[in-house]
Amino acid sequence: MTQVLYVLVRTDLDSMNPGKAMAQVGHAGSAFTYHNMVSSIIDQDVIDWHKQGNGFGTKLTLAVTKKQMETVVMIAKNMGYIADLVLDETYPYIVSNEIADQINIENDAAPRHPINATHMALYRNEYTVGYVFVPNKEEDDIARALLANFKLHP
């Protein structure tokens, strides 16, 4: 039996560079593990997944849009899989000072940071990745049908 944690990484965020994507995948792994830790029922498949490596299991990252991510996670949850979206409450993005001045500071998720004389980093709430845990990849036709059309994240 091979358990797999599929992480759905958004490709429709221009600001999602490789470093941010790696951090977001880490958030998904942590959120998945935390979900199981606080659950009243510890899933043996999750424990077995952790035993595949030194405390971690097989993780595949797939490239998706926000709509695809939301749809897959919703379907997976309805089918009984461990699945969820990850909300980054301080997702950074860079805008010109002119644009930053027009954005209501009450909407900022964290303090603004000047990048240089003309640009500023702002922070917002953003769903960046989702995850679906598949307990038995080899025998799971439902998961295969749900996830097969997505390419690996570059």
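The values are calculated or read from the model by the stated rules, or taken from the named source; none is laboratory data. Being a predicted model, the structure only gives us computed values, none of them experimental. Here Cβ is always computed from backbone atoms with ideal geometry, including for glycine, and neighbour counts include all displayed protein chains.
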Note to self: Looking only at the stretch 49-68, filter to residues that are of a type in the set (D, E, K, R) and in contact with a Gly (Cβ under 8 Å, 6 or more places away or on another chain); which one of those is surrounded by the most Cβ atoms within 10 Å (Cβ to Cβ)?
What the structure shows: Lys59
Notebook entry, point to check: Among the residues of the stretch 22-29, is there at least one that is crowded, with 16+ Cβ neighbours inside 10 Å, closer than 21 Å to Leu147 by Cα, touching a helix residue (DSSP H, G or I) at 6+ places or on another chain (Cβ under 6 Å) and of a type in the set (Gly, Ala, Ser)?
Noted result: no
Note to self: The conditions are (1) among the aromatic types (Phe, Trp, Tyr); (2) free of Cβ contacts under 8 Å to residues at least 40 places away in the same chain; (3) under 28 Å from Val4 (Cβ atoms), and Tyr123 fails exactly one of them. Which is it?
What the structure shows: (3)
Next item on the list: Go through (1) at pLDDT below 85; (2) in contact with a helix residue (DSSP H, G or I) (Cβ under 8 Å, 6 or more places away or on another chain) and name the single condition Asn104 misses.
Entry: (2)
Item checked: Residue, farthest from Thr58 (Cα to Cα), within the stretch 96-126, restricted to residues that are of a type outside the set (Asp, Glu) and buried (at least 17 other Cβ atoms within 10 Å of the Cβ) -> Ala100
Check: Restricting attention to the stretch 127-154, and to residues there that are surrounded by fewer than 18 Cβ atoms within 10 Å (Cβ to Cβ) and of a type in the set (S, T, N, Q), which single residue is farthest from the chain's Cα centre (by Cα)?
Finding: Asn136
Note to self: Whether any residue in the stretch 84-100 is modelled with pLDDT of 90 or more, within 24 Å of Gln24 (Cα to Cα), among the charged types (D, E, K, R) and in contact with a Gly (Cβ under 8 Å, 6 or more places away or on another chain) is what I want to check.
What the structure shows: yes
Next item on the list: Scan the stretch 12-31 and give yes if some residue there is modelled with pLDDT under 90 and of a type in the set (Val, Ile, Thr), otherwise no.
Entry: no
Next item on the list: Go through the stretch 71-106 and give me each residue that's of a type in the set (S, T, N, Q) and either within 17 Å of the chain's Cα centre (by Cα) or closer than 14 Å to Val129 by Cβ (or both).
Entry: Thr71, Thr90
Notebook entry, point to check: Across the stretch 45-88, what is the total count of residues that are touching a strand residue (DSSP E or B) at 6+ places or on another chain (Cβ under 7 Å) and small (Gly, Ala, Ser)?
Noted result: 4
Check: Of all residues in the stretch 118-147, how many are part of a loop (DSSP other than H, G, I, E, B) and either within 27 Å of Asn17 (Cβ to Cβ) or among the charged types (D, E, K, R) (or both)?
Finding: 2
